[in-house]
Every structure is written in structure tokens, then in C-alpha cells.
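> Right, I'll just put the structure down here and ask away after.
The values are calculated or read from the model by the stated rules, or taken from the named source; none is laboratory data. In this text the structure is predicted, and so the values were computed from the model without any measurement. Positions of Cβ are backbone-derived with ideal geometry, glycine not excepted, and every protein chain shown enters the neighbour counts. SASA here: full protein model, heavy atoms, side chains in, ligands and nucleic acids out. Shrake-Rupley method; radii C 1.70, N 1.55, O 1.52, S 1.80 Å.
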Amino acid sequence: MSFSAVVVAAGEGLRAGPGAPKAWRLLGGRPILRWSVEALRAAGADEIAVVVAAERVDGLGQALAGLTGWTAVAGGAHRAASVQAGLAALTGGPGQPVLVHDAARPFVSKLHVDRLLTALADADGAIPALPVPDTLKRGQGLVEATVSRDGLWRAQTPQAFRLGTLRDAYTTWPTGEEPTDDAGVVERAGGRVALVAGDPMLMKLTYPEDFAMAELLAGTRRIARTGFGIDAHRFGPGDAVWLAGVRIPHSHGLIGHSDADAGLHALTDALLGAVAEGDIGQHFPPSDPQWKGASSDRFLAHAVDLALARGAQVLNVDLTLICERPKIGPHRDAMRARVAEIMGLPLERVSVKATTTEGMGFTGREEGLMAQAVVTVEAPL
Ligand code: MG
């Protein structure tokens, strides 16, 4: 979905200690404000107004070198003025979604953006928010009261609105008051703001120790991804079948362009699915003569290489073979060992299971067999 963004980086961030304003400090070798601009562009932002202190407008070109789709905007005396300056610089119409984001939250991702834009369809605003896990006290030196945390949330950014809604809301905000976030402005104007799932990774870098933690996180942000694969092949003339990389003598063979190893094909598709790299037919078209009779371990090994090139590592695989015959049990250990070998995995991360369909369907009639596979990888976010 098309959207615009305002990245606010005009503050000095005095609580972060001495040194450059925090949005300009380096994180993983890149200025912190660059992280947000890169992430929002990658999430599909058409246009980003980057609001910085007036004396830093000239320095923005270097901080964002090589990136496109952004405009430098001189900020105001307070955050609200900076946000309004950013909104004024955007060219979208009143219905265009806009995300307003604090540059000091560098780990924003497409996942966060997509959640907000989805929620915005039914509301005037949408914000990421986290429940409050600690008990809350009110007091000065001594506790005066324990405050119920029921229904309390910690608001994060980016916060999503439609351009017209947010611009209009700011025009009605009382002068002399300073809003602490943009949702507050829309709320005051009577808008409905949806709470969507926040993320600890959207933390705001505020204190010196936050930067040390962010430096650790910058290199290690990884998530689990899962893919599913399914394949079937028809029995035909022959005296053996290939299944999960093992040759099994049988009364029939399997028909296919390659060796028709439905087990390895399902695993290959599951792994390609986990890294969103299409399917086996795209990588090894049956129309291409070089794959005729090919041993399917090549397909799976190629998918592993592709995943590795994306920075993904396979965590575990679970393969289920569905047929009446041949009996899988006697070959299960050999299959696990072969799959582990092809994928470069320890044996305990490879599962091979078998079932029948109790005589029902094409597998029950022994017209063919089927395989289903689930692969989980760990990959960069
Ligand atoms: Mg196949």
C-alpha cells in the first residue's frame, strides 16, 4: 500500500549524554536516523520528510547518501512544530496514509508498517503499543497509591494516520500545550485511534545504556520463518522409487521429469517457501532438458544455497510421506541421514514420518504417493 512518512530527528536528545544529537550517532556504522529512513523505504514509503534541526539540513545528504525518496525539512522549536513542518512538505492528498516516526527508534520494520496500515483501514489512527508489565506506583519519595495497569499501554512509533486527518487535528490543537505524541492530537480532535501490537524492538533510544544494547541488537536481529511444501507423483513402470534421497526397490517406479522424488521436492518447496523464493518449478522448469532425470538432491542443495545467500539458516525440517506402499519404516533412518547430509543439518533436526490414507484417495488406490514438508529457518528480519 502506498504511504508517506515523517521521520522526526530534530531533537537534541540531551538524556542520551554528551556527543552528537542521538539521531546522528552511529549504530552499526550508520547514523541512527538512516536506519528508519532505510526501513521505511524498504517497507514501501513513497515519500519521506526527514525533519532535522535547521543547522543540520545540509548534513543530511551525507547521512542518507544513496537513498532516494526523502526530503530534508528544517524542524521547529518543539516536536509538534517539527511534525507539522514534515507534514507540510509531503505532497500526498488528504487520504494518503502517513506514518510519523521517531528517528530514535531504529528497528522499525515492514512488519510493523503493515500492521499499522491494516489497522488504519478501520480507524483515524493506529499506533503500536505494549502492555505495561510492571506494577505502577504514584508518589514522591513515598508511595501514595498503587495504580491499576488494566487498560494501560505504552505507545510507540511509527504512528499511522491519513494526511488530512493529522493536518486537521494539529490545526485544532490548543497553542501553548505540547502533545507527547501524534495520536494524542488526533484523539483530542475526536479521532478513533486503534491499538496494534507493539514490539520491544521499537524501543526508543534515550539513555546512554540504550545505545550499547542497540549496538548488540543491530547485528543480531533474526526471526524464525516457516515454509510448507507439498508434492505428489504418479506410479508407473519400474522396479524402484526414489524417496527422500533413498532408492527403494518397489513393484513400480514414479513418473516425473526428474527422479520424481516427491520427498525431496516437498522439502525443496518448503525451504523456498520459508525464504519466499518462489517454487521448485520456477528454479528448475520441467521444460528445461538439463533437469531430465536429474537427481533431486541437487534441487534441495540449491535451495539450501539460496537460503544461505539470504542469510537464512535451516533450523529443522519435518517430512511426511503418504502412501500405502512401499513401506517407509525400514528406510526411515536412511532417509533422515540422507536429508541431513544434503541439507548440512545434524540428524536430530531432521524428522521423517509416514502415514497411509487408509485406502482412500489416490494414495489409497496406489495411483501415486504424496509428500508434505515443513521447514523452519532463522533469517534476518
Ligand atoms: Mg515433484
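> In the list Ile248, Ile230, which residue meets the criterion of being more than 16 Å from the ligand (Cβ to nearest atom) and at pLDDT 95 or above? Give the derivation first.
Details: Ile230 fails: more than 16 Å from the ligand (Cβ to nearest atom).
Answer to the selection: Ile248.
> Also, I was wondering about something else. Considering only segment 255-275, state which residues are open to solvent by 20 Å² or more (accessible area, probe 1.4 Å) and within 9 Å of the ligand (Cβ to nearest atom).
Gly256, His257, Asp269
> Right, next: Looking only at residues that are without any contact (Cβ under 8 Å) to a residue 60 or more places away in the chain and not in a helix (DSSP H, G or I) in segment 188-202, which one is surrounded by the most Cβ atoms within 10 Å (Cβ to Cβ)? Before the answer, list the steps.
Step one: list which residues in segment 188-202 are without any contact (Cβ under 8 Å) to a residue 60 or more places away in the chain, which gives 188-190.
Adding the requirement that they be not in a helix (DSSP H, G or I) leaves 189-190.
Details: Ala189: 16, Gly190: 9.
So, considering only residues that are without any contact (Cβ under 8 Å) to a residue 60 or more places away in the chain and not in a helix (DSSP H, G or I), the one surrounded by the most Cβ atoms within 10 Å (Cβ to Cβ) is Ala189.
> Another one. From the list Ala155, Ala218, Ala214, exactly one residue is modelled with pLDDT of 95 or more and either open to solvent by less than 70 Å² (accessible area, probe 1.4 Å) or touching a Phe, Trp or Tyr at 6+ places or on another chain (Cβ under 9 Å) (or both). Which is it?
Answer to the check: Ala155.
> So, Leu300, is that one within 15 Å of the ligand (Cβ to nearest atom), under 30 Å from Arg115 (Cα atoms), open to solvent by less than 20 Å² (accessible area, probe 1.4 Å) and not polar (S, T, N, Q) or not?
no
> Could you check how many residues of segment 152-178 are among the hydrophobic types (A, V, I, L, M, F, W, C) and either without any contact (Cβ under 8 Å) to a residue 40 or more places away in the chain or part of a strand (DSSP E or B) (or both)?
Looking only at segment 152-178, we keep the residues that are among the hydrophobic types (A, V, I, L, M, F, W, C), and these are 152-153, 155, 160-161, 163, 166, 169, 173.
If we keep only those that are either without any contact (Cβ under 8 Å) to a residue 40 or more places away in the chain or part of a strand (DSSP E or B) (or both) too, we end up with 152-153, 155, 160-161, 169.
Count: 6.
> How about segment 123-151: which of its residues are assigned to a loop (DSSP other than H, G, I, E, B) and either farther than 30 Å from Asp168 by Cβ or at pLDDT 95 or above (or both)?
Ala123, Asp124, Val132, Pro133, Asp134, Thr135, Gly141, Ser148, Arg149, Asp150
> What about Gln84, is it outside any loop (DSSP other than H, G, I, E, B) and within 19 Å of Arg167 (Cα to Cα)?
So Gln84 passes the test.
> Here is a further query. Is it the case that Ala85 is open to solvent by less than 50 Å² (accessible area, probe 1.4 Å), more than 20 Å from the chain's Cα centre (by Cα) and of a type outside the set (S, T, N, Q)?
yes
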